[in-house]
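Note sheet for the following structure.
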Amino acid sequence: MKAVAFSRFGGPEVMQVADLPVPEPGPGEVRIRVAAATVNPTDIGMRSGGRAAELQKLTPPYVAGMELAGTVDAAGQGGPWQVGERVLAIVVPMRTGRGAQAEYAVVPSNSVVRVPEGVSLELAATLPMNGLTVRRALDLMGLARGQTLLVTGAAGAVGGYGVQLGVADGLRVVGVSAASDEALVRGLGAQDFVARDADLASAVRKIAPQGVDGVLDAAVIGRPILGCVRDGGHVAAVRAFEGEPERGIHVHQVRVSDYAQNQAALQGLADQVASGALTLRVAQTVPPSEAGAAQQKLSAGGVRGRLVIVFATLLLALSMVFGGVAQADSPTHVLVSYSEMSSSPLPLWTAIDNGYFAQNDIQVDAQYIPSTSGVAGLLSGSTNIAFLGGSDILGAVTTGADLVVLADPIAVYPYELLVDPSITDPSQLKGKTIGISNFGSSSDVATRVVLKHFGLDPSTDVTIIAVGNGQNRSAALQSGAIQAEVDAPPTSLPLKAAGFPSLYNLAASGLPNLNNAMVVRRDWRDANRDLVQRFVDAEIQGLNEVRSRPDVGSLSLAKWLNLDSDTATQTAQWGVANVYAVVPWVRPAAFSDSLELLAQSNDRLNGFDPSTIIDNSFVQSAQDRGLTAAN
């Protein structure tokens, strides 16, 4: 098997792709055919000699890597796993000297869980190590719901999970990161933010005057962080903590190896990914030959998301979600992501279910990937086409992504503003708390548009907080944690039935918006124009079917969203009446509201011309050939 290995300690140059024997699983173990393995600071310490005393007891060459995703290849006696199952696992390379960065890895069965449905293997590989690190840290601190958690390095891999898992545990989270990361950190769910170049203790105590209850020190600030903590509080240190604690503060040393065989904890994390409470982020994928360069990039800092080594098995393994052999560069096979578990992807689902892609000689593998990870998947080539919102597209373009928007099946904001039953007039929103998914997201933009329509200032008249996807916002509204949120069927239907009224139907206003647009890399479009045209044709055929036969669309909604027939029917009818475009033109005006909001914190968007990333030629061709409903 191929593996990223080293036989001596030193810089990245000691790493090489080596041929090693395929390991055999023993009793209670499982062998995984690795599709993706991440690059972590632990790998750098191992390669540079930081664990030399332990490694020298083992036989070189050594293989780093503490987390992976792939498919079960073989199971030792007594194991519960079946060959071919898609799994993710944590690996302890110091156990045998063989870590995750190889085509095959053997791990204890209780270090493995199944990959959530619809999650790609390269995304899944980013969960185990840092997810379990944060879970262990929170468990050690034992904070109660409502207490305050400070997370340093909140935009990073460990810190990002710290924010989201802290929020999921009911904690008030204060994130610390670079000022430029504020939107990202708040988008992950942090209620408060402190720029890392501030006088940290002073800034934190303005938020929590007695000091925070606990700190997850993902940025390894060390002893200076104690000034932020209340007497008797807690610090979870992910590296060795130097110096003595003070004022009765408890310092907990976090070792992920303590949870390496805590399968229940790992399964809990996978469940939170499936529910949308936890976001997986890939910054870049690399082949095994570039593992050294990836370590250098990680050491330089500033990486947002994970660096992932992709092995040749990845595309084959990805296909096991859907059947067939996935080949991202095949002229008839397309890997597609959609970023909403709502009615927005219905034209895509209907086109798949009713054979329109097959009629156009395309095999589609469609998977749900949250928006931030959807952009990463598109840029890395693990997906060919992504359906994304305008804010996500603009954010990627301003960081250098060369993307093109080809079609917009959802022409308007697909939302209504649902409110607490006590609110009967827009003026009563003053002083209230409104929930959105993430800052800078489509729901954030829509919320601000509605407030301005009512003559309210989003910055001063209300408090806007990030609570996650539609299901999370719905729960927050019912619990009283928020008093308003933008929503749409199917999640809005039970809210209305429970007495939460719609104060404003933004969808019916007709205001243009980009919520579920078809996006590709420009170079992929140029290399696959015929395939792109056939894909657009099939999407338009699915859109026509939804608009002309809502009963057919409701069948797809019931299948893809696991809805009962009545809910699916109401959702499809609402979409046809309010949001689905007759012809999916991409209009520059659909970017306007996102541009206005994002330009306040991103100077690169000032004066940006959306027409530079729009290509309506494929929709135009479909219309010229009589495929659109306008003909």
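The values are calculated or read from the model by the stated rules, or taken from the named source; none is laboratory data. For clarity, every value in this text was computed on a predicted model and none was experimentally measured. We place every Cβ from the backbone using ideal geometry, glycine too, and count neighbours over all the protein chains shown. When the accessible area is computed, the model is the full protein with side chains, heavy atoms only, and any ligands, DNA or RNA have been set aside. Shrake-Rupley method; radii C 1.70, N 1.55, O 1.52, S 1.80 Å.
Which of rounded, prolate or oblate describes the chain when judged by the alpha-carbon gyration tensor and an a/c cut-off of 1.5? If you can, show how the numbers build up before the last one.
Values: a/c = 1.85, a/b = 1.22, b/c = 1.51.
Oblate is the answer for the chain, as a/c is 1.5 or above yet b/c matches or exceeds a/b.
Based on the Kirkwood radius over alpha-carbon pairs, what is the Stokes-Einstein translational diffusion coefficient of segment 401-472 at 10 °C with 1.306 mPa s viscosity, in µm²/s? Provide the component values of the computation, followed by the final result.
Working: Rh = 13.7 Å.
The calculation lands on 116 µm²/s.
Per residue and in cubic angstrom, what volume does the convex hull of the Cα atoms of segment 435-593 have? It would help to have the intermediate numbers written out before the result.
Values: hull volume 21.8 nm³, N = 159.
Expressed per residue, the convex hull around the Cα atoms of segment 435-593 is 137 Å³.
Please work out, to two decimal places, the log10 of the ratio I(q)/I(0) at q = 0.12, 0.16, 0.17, 0.25 Å⁻¹ from a Debye calculation in which every Cα of segment 550-631 carries one identical scatterer.
Calculated log10 I(q)/I(0) at the listed q: -0.60, -0.85, -0.88, -1.04.
State the percentage of accessible surface on segment 375-508 attributable to carbon and sulfur atoms; use a 1.4 Å probe and exclude ligands, DNA and RNA.
Carbon with sulfur: 51 percent of the solvent-accessible area.
Show that you can apply the helix-only estimate: for the chain, add -39,500 (n - 2.57) for every DSSP H stretch of four or more residues, divide by all residues, and state [θ] at 222 nm to the nearest 500. Let's see the in-between values first.
Working: 23 runs with 211 residues, N = 631.
Dividing the helical sum by the residues of the chain leaves -9500 deg cm²/dmol.
Could you go through segment 434-448 in sequence order and give the Karplus-derived ³J(HN,Hα) for each residue, using 6.51 cos²θ - 1.76 cosθ + 1.60 with θ = phi - 60°, rounded to whole Hz, and x for Gly and Pro?
10, x, 10, 6, 9, 5, x, 7, 4, 5, 5, 4, 4, 4, 5
Classify segment 1-147 from the C-alpha gyration tensor, please: rounded if a/c falls under 1.5, else prolate or oblate depending on whether a/b exceeds b/c. Working shown, then result.
Values: a/c = 1.74, a/b = 1.14, b/c = 1.52.
Note, shape of segment 1-147 comes out oblate.
How much of the accessible area of segment 33-181, probe 1.4 Å, is carbon plus sulfur, in whole percent? Write down the numbers at each step before the final one.
Numbers: 2080 of 4380 Å².
It is 47 percent, rounded to a whole number.
Applying the Karplus parametrisation 6.51 cos²θ - 1.76 cosθ + 1.60 with θ = phi - 60° to the phi angles of segment 589-603, what ³J(HN,Hα) value in whole Hz is obtained for each residue in order, glycine and proline being reported as x?
Those phi angles translate into 4, 5, 8, 4, 5, 5, 4, 4, 6, 6, 5, 5, 10, 9, 4 Hz.
Please give the peptides 599-610, 437-448 ranked by average Cβ packing (other Cβ atoms within 10 Å per residue), highest first, as a rough proxy for protection.
Working: 599-610: 13.7, 437-448: 25.2.
Most protected by this proxy first, the peptides run 437-448, 599-610.
With a probe of 1.4 Å, find how much accessible area the chain has per residue, and write the answer as a whole number in Å².
Details: 23290 Å² over 631 residues.
In whole numbers, the chain has 37 Å² accessible per residue.
Give me the percent of DSSP beta bridges within the chain that run antiparallel, rounded to the nearest 5. Intermediate results must be reported in sequence, preceding the final value.
Working: 46 of 89 bridges.
For the chain, the DSSP antiparallel bridge percentage is about 50.
Give me the one-decimal nm value for the distance between modelled label points at Ala300 and Ala274, 7 Å along each residue's Cα-to-Cβ direction.
3.9 nm
Can you tell me what share of the DSSP beta bridges in segment 74-213 is antiparallel? A percent to the nearest 5 is fine. Intermediate results must be reported in sequence, preceding the final value.
On the way: 3 of 12 bridges.
Of those bridges, close to 25 percent are antiparallel.
In terms of the Cα gyration tensor, with a ≥ b ≥ c the square roots of its eigenvalues, is segment 79-223 rounded because a/c is under 1.5, prolate because a/b exceeds b/c, or oblate? Write down the numbers at each step before the final one.
On the way: a/c = 2.28, a/b = 2.26, b/c = 1.01.
Prolate.
Residue by residue through segment 112-120, what is 3J(HN,Hα) from phi via Karplus (6.51 cos²θ - 1.76 cosθ + 1.60, θ = phi - 60°)? Round to whole Hz and write x for glycine and proline.
Per-residue couplings from phi come out as 10, 9, 6, 6, x, 4, x, 9, 5 Hz.
Just to check, using Stokes-Einstein with a Kirkwood Rh over alpha carbon pairs, what's the diffusion coefficient of segment 482-559 at 25 °C and 0.890 mPa s in µm²/s?
For the chosen part, D equals 153 µm²/s.
Select from segment 170-248 those GluC sites (Glu not before Pro) which occupy a DSSP coil region and have at most 13 other Cβ atoms within 10 Å, ordered by residue number.
Numbers: sites: Glu182, Glu242, Glu246; in loops: Glu242, Glu246.
Answer in residue order: Glu242, Glu246.
Highest first, please rank the peptides 384-394, 23-33, 611-621 by the mean number of other Cβ atoms sitting within 10 Å of their residues. Could you put the intermediate results ahead of the total?
Details: 384-394: 26.8, 23-33: 19.3, 611-621: 16.8.
Result, highest mean Cβ count within 10 Å first: 384-394, 23-33, 611-621.
Straight-line reach from Lys430: which lysines have Cα under 26 Å away, leaving out those fewer than 8 places along the same chain?
Lys430 reaches Lys206, Lys452, Lys496.
Using a 1.4 Å probe on the protein heavy atoms, what percent of the accessible area of segment 556-631 belongs to carbon and sulfur? Show your work: numbers first, answer last.
Details: 1760 of 3760 Å².
The computed percentage sits at 47.
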